[in-house]
1. Identify the single condition in (1) in contact (Cβ under 8 Å) with a residue 24 or more places away in the chain; (2) closer than 22 Å to VAL22 by Cβ that THR191 does not satisfy, given that it satisfies every other one.
2. For GLU49, only one of the following conditions fails: (1) without any contact (Cβ under 8 Å) to a residue 40 or more places away in the chain; (2) within 17 Å of PRO184 (Cβ to Cβ); (3) of a type in the set (D, E, K, R). What is its number?
3. Within region 98-133, can you find the residues that are among the aliphatic types (A, V, I, L, M), in contact with a Gly (Cβ under 8 Å, 6 or more places away or on another chain) and farther than 25 Å from PRO158 by Cβ?
4. Restricted to region 75-103, and to residues that are of a type in the set (D, E, K, R) and either surrounded by 20 or more Cβ atoms within 10 Å (Cβ to Cβ) or without any contact (Cβ under 8 Å) to a residue 12 or more places away in the chain (or both), which residue is farthest from ALA120 (Cα to Cα)?
5. Among the listed residues GLN58, GLN37, which satisfies the condition of being over 24 Å from ASP188 (Cβ atoms), free of Cβ contacts under 8 Å to residues at least 60 places away in the same chain and polar (S, T, N, Q)?
6. For region 58-71, indicate whether the set of residues that are surrounded by 18 or more Cβ atoms within 10 Å (Cβ to Cβ), charged (D, E, K, R) and more than 17 Å from the chain's Cα centre (by Cα) is non-empty.
7. Return yes when VAL113 is more than 14 Å from the chain's Cα centre (by Cα) and not basic (Lys, Arg) and no when it is not.
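Every read-out reported here was derived from the displayed coordinates using simple, explicitly stated rules and does not represent laboratory data. Computed from a predicted model, the values in this text were never measured in an experiment. Every residue, glycine as well, gets a Cβ built from its backbone with ideal geometry; the counts of neighbours run over all protein chains shown.
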Amino acid sequence: MESPTPGTLHHSDSICEIHKVVVGPVDNNVFVVRCRQTGDAVLIDAANEHDLLLEMCQRLGVRTVIETHGHWDHIQAVPAVRDAGYEVGVTAADADMLESYDYVIEDESVIEVGRLRLHALATPGHTPGSMCFRLDHAPVLFSGDTLFPGGPGNTTFPGGDFDTIISSIDTRLFTLDAQTLVLPGHGDDTTVGAERPHLAEWVDRGW
């Protein structure tokens, strides 16, 4: 099925489309993963600008919304998307950061998107319940605020812990294939292979 909104298309292959928009005062990346065979899709992080996100949801066939973590800048549009009938999933450890949600995402949960599968990877450290999502059929990782080009996410907020985020990155993310495309919650794409050699540098600098 052809994409109804080609202007937002960020990455695609014969089976999958990944759409991206940047929203809100701190330039949050919001992604929609869409199965090209069925037209079903999932939205990752209902961050802000709910009118824009609802339009994407309607045009791209979004069936559910999943949150990488519960920080304010990633959840501002959650009430609006829930009011529009979309269920929202978040981890239990971050659930109390949201006013409301519909289901809990656990480590190793599988989110079905048509014929696609997103695998949840618990990566605490930025928040206690931070979660990344790995696309099953292609080397793509949605890293939220856990991993960025140049290092881990900020751990100075309440509930953050530097040693924990380093362990999450090392044991959960850097075990993935070097070619894995990393799509973070802010900023530019990177790859596991580009970031993995710098882990010791991040530990030495302490952030």
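1. (1)
2. GLU49 satisfies every listed condition except (2).
3. The answer is ILE111, and nothing else.
4. My answer is ASP83.
5. From the options GLN58, GLN37, the qualifying one is GLN58.
6. The answer is no; no qualifying residue exists.
7. Taking the combined requirement at face value, the residue satisfies it.
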